[in-house]
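The values are calculated or read from the model by the stated rules, or taken from the named source; none is laboratory data. Please read these numbers as outputs of a predicted model, since none were measured by experiment. Glycine also receives a Cβ, built like all others from the backbone with ideal geometry; neighbour counts cover every protein chain displayed.
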Amino acid sequence: MTDSASVLQIVAHPDDDLYFMNPVSFQTLRAGTRTTTVYLTSGDAHGQNPRPLQTEPVAADREAYGKARQNGLKAAYGAMVLGDRTAAWKAATLRTAAGATAEVYSLTDAPWVTLIFLNIRQHGTPEGPARSLHVLWHAQVEQIPTLVPAGGLVTEAYAYTRPGLVGTLAQILDLVRPTSVRTMDPDPDRLVHDEKFPQRHDYGDLSDHCDHTATALFTWEALGHYQGPGGGRTYTVESFRGYYNERWPHNLSQSAVSLKEFFLNVYGAADGYDCGDPAGSGDYAVGLASRSTGWVQSTTPRFPGGANWLARDPHGRLTAFAVVSQQLAVWIEAAPGAGEWHGPYLLGGGPLAPGVAIDLTADGRWVVFAQRLAHLAADGAHVREIVALEQTAPGGQFADWFTLGNPSAGDPARDRHLGGPTVTRDGYGRLHLFVRNAGQGLHSRVRAADGIWGDWTDLRGHDLQEGLAPLTAHDGRVEVFGASREGVFHWYHPTIDEPLQRAPRFRLATAAGPCTAVLQPNGRVMTVYRAPETGQVLVAEEDAPGGRWNAPAASVGGRGGFGPVVAAPGPNQETGTLLVGRSDLGGLAHRYYPADGPWAELSTAALGGPVVHAPAAAFDAAGHAVIAALGQDGRLHTARETVPGTGAFGTECVTPGRSPRPAPGNASR
């Protein structure tokens, strides 16, 4: 068991974790990390749960259906943790801050695994409003009732008010003291429903179940009250998309899909297993039908990151920036290539979404960009904005945070659908900031060399996936790559003095998630991304610096996985470019390109458990490759090459027991 990490998962319905967070949940459990999952609703829906092959009508029984879903979840977790769906559970109750009583179950032979059921009615009462969490978040009702599952521990119905549910989640956060929090998507994409994408499970023009969204918003609201795990430790937050998965290229390998499907079949008692409870042994509609929804084939973080957040400062010291405890943190090498780090220094700015973009000004000062969830609104008037922090001098302190706004600012229906920032500096020293906009196109703001920011500019584009990839070419021109639903698009400067434009006939093969772009040591631009349905890594590059892209994207293998593949250019052409990404095994797979060597794996044990978010990579002052990742313990972990160019890494935890310290003048949130 991993003692230093604690994971808390907060979902709307029994099975959201199996559909939308696996294989990450399974990897966490397999690593022995203390894991608590909270289910807000009972998932009682309309109360009908026909057995496999049953054709006659089934009477609605919400109390039995809610209990059957609990039974299925306990079987699935028993199978994931102990390989035994019949594993015994210890039952208890929790008096919540709202005055209600929740059911709590811990695995007898693995008591570090806990399931908490608040049992809120998914659809209220038959006479009341549907979509209970949704209407409660929007304050359309004063309170929503709980369900009393058949034969459960709780025999009395309760009710949750909006403050009561926020207080209950804050209470659970304080009890569990997580170093990693997982929840659903607070800001699902807007979606135009048409013949190609008919209205199915979505809510309105949003690409998710409205109770998934409300759960995420309630979680983020509760996180505002969470003081962290204590002992000087920090925590991370990871949000996962829901029904989005059915509309976009699938990003998991077949083995990962099969693993998710297996545990969903256990949850649904697809093999006819009978646990002996007359309420039922699982959610029978799920068994043997989970792939039909299109949700199983992907696992998609809402904030995928991908922009490299590890780089050398003007003194040659590697510096890492990341979001922990909802604020910006920085770690700095004690000396160039020393392998010893100082940090984390907390720089405030929160509540920040995961993922940052960094660059140096022409005179060597760090500038960091992030997305702030500035206002979580019950009335729908959400505020999301891009914020930035800049050093006052090279190697000096940071000034105050400032906002760069949002391309959709002032439009409540679009403001929240903002993508994370990415940035690059051109040959004139101008900073080019890019975001995916609410229409799933590309927007940019440019800061001139004199420090003055221009307005937001719409660069068009359509159906872009989250995660943009800008870079500066060998001649100082800026190029941007974005993965759409249909292929990878390309924007570029014809000359450094002309505006960016989209290359009209450029389209690489479809990507399953964000793409990465890098200027290789030989001066040629390369893009890296994952292939749909396999998760393998595809590479495409221009024929010569500034030349054409005649060769299609080609696979360089890989072990599957999801999320961005980081590309770090080596110090010379012989070294090549280091590729790193999350793997199906829960660790980080890496290899050099164009070398022909196999993919290698940084194990989860060496990284403090499965990693959180996208990794980063860079080369230190001595030419050693360094891979950085946030662990589920809330700490930064690095792996440094023992001999430059060999791909053999030794690992280290950067912050073993070190207390987070605020940087002078930047302690406020």
(Q) Residues that are buried (at least 24 other Cβ atoms within 10 Å of the Cβ) and within 29 Å of LEU636 (Cβ to Cβ): does region 197-212 have at least one? (A) no
Q: Would you check if ARG62 is in the same structural domain as TRP137 (by TED's automatic domain parsing) and either closer than 23 Å to TYR235 by Cα or in contact with a Leu (Cβ under 7 Å, 6 or more places away or on another chain) (or both)?
A: yes
(Q) Please go through (1) surrounded by fewer than 21 Cβ atoms within 10 Å (Cβ to Cβ); (2) among the hydrophobic types (A, V, I, L, M, F, W, C); (3) closer than 21 Å to HIS382 by Cα for LEU217 and return the number of the only condition it doesn't satisfy. (A) (1)
Q) Of ARG30, ARG95, ARG34, which residue is surrounded by fewer than 17 Cβ atoms within 10 Å (Cβ to Cβ) and either under 19 Å from the mean Cα position of the chain (by Cα) or closer than 20 Å to LEU585 by Cα (or both)? A) ARG30
Q: Would you mind stating whether ALA628 is touching a Pro at 6+ places or on another chain (Cβ under 9 Å), outside the structural domain of THR234 (by TED's automatic domain parsing) and crowded, with 24+ Cβ neighbours inside 10 Å?
A: yes
Q: Could you please tell me which pairs satisfy a Cβ distance under 7 Å, a separation of 6+ or placement on different chains, a first residue in region 268-279 that is among the charged types (D, E, K, R), and a second residue that is in a loop (DSSP other than H, G, I, E, B)?
A: ASP274/SER281; ASP277/GLY151
Q | Sole residue being out of contact with any strand residue (DSSP E or B) (no Cβ under 6 Å at 6 or more places or on another chain), farther than 28 Å from THR35 by Cβ and not hydrophobic (A, V, I, L, M, F, W, C), chosen from GLY576, GLY560, GLY623 | A | GLY623
**Q.** Subset of region 11-39 (residues that are part of a helix (DSSP H, G or I) and acidic (Asp, Glu))
**A.** ASP16, ASP17
**Q.** Selection count, region 257-280, where residues are touching a Ser or Thr at 6+ places or on another chain (Cβ under 8 Å) and in a helix (DSSP H, G or I)
**A.** 4
Q | One residue from GLY513, GLY570 being farther than 24 Å from ARG425 by Cα and not hydrophobic (A, V, I, L, M, F, W, C) | A | GLY513
Q) Taking region 40-70, which residues are of a type outside the set (A, V, I, L, M, F, W, C), in a helix (DSSP H, G or I) and crowded, with 22+ Cβ neighbours inside 10 Å? A) ARG62, TYR65, GLY66, LYS67, ARG69, GLN70
Q) Within the bounds of region 314-323, is there any residue that is outside the structural domain of GLU238 (by TED's automatic domain parsing), of a type outside the set (A, V, I, L, M, F, W, C) and farther than 25 Å from TYR428 by Cα? A) no
Q: Identify, from the list GLY609, GLY623, the residue that is outside the structural domain of THR179 (by TED's automatic domain parsing), more than 22 Å from GLY305 (Cβ to Cβ) and outside any strand (DSSP E or B).
A: GLY623
Q | Within region 381-427, strands (runs of 3 or more DSSP E) holding 1 or more residues that are assigned by TED's automatic domain parsing to the domain that holds GLN440 and among the basic types (Lys, Arg) | A | 383-390, 422-425
Q: Please state which of the following conditions THR236 fails to meet, knowing it meets all the rest: (1) buried (at least 21 other Cβ atoms within 10 Å of the Cβ); (2) more than 26 Å from THR168 (Cα to Cα); (3) touching a residue at least 60 places away in the same chain (Cβ under 8 Å).
A: (2)
Q) From the list SER255, SER180, which one is surrounded by fewer than 16 Cβ atoms within 10 Å (Cβ to Cβ), in contact (Cβ under 8 Å) with a residue 12 or more places away in the chain and either outside the structural domain of ARG95 (by TED's automatic domain parsing) or in contact with a Gly (Cβ under 7 Å, 6 or more places away or on another chain) (or both)? A) SER255
Q) Here are GLY280, GLY305: which of them is of a type in the set (Gly, Ala, Ser), more than 20 Å from GLN254 (Cβ to Cβ), in contact with a helix residue (DSSP H, G or I) (Cβ under 6 Å, 6 or more places away or on another chain) and crowded, with 22+ Cβ neighbours inside 10 Å? A) GLY280
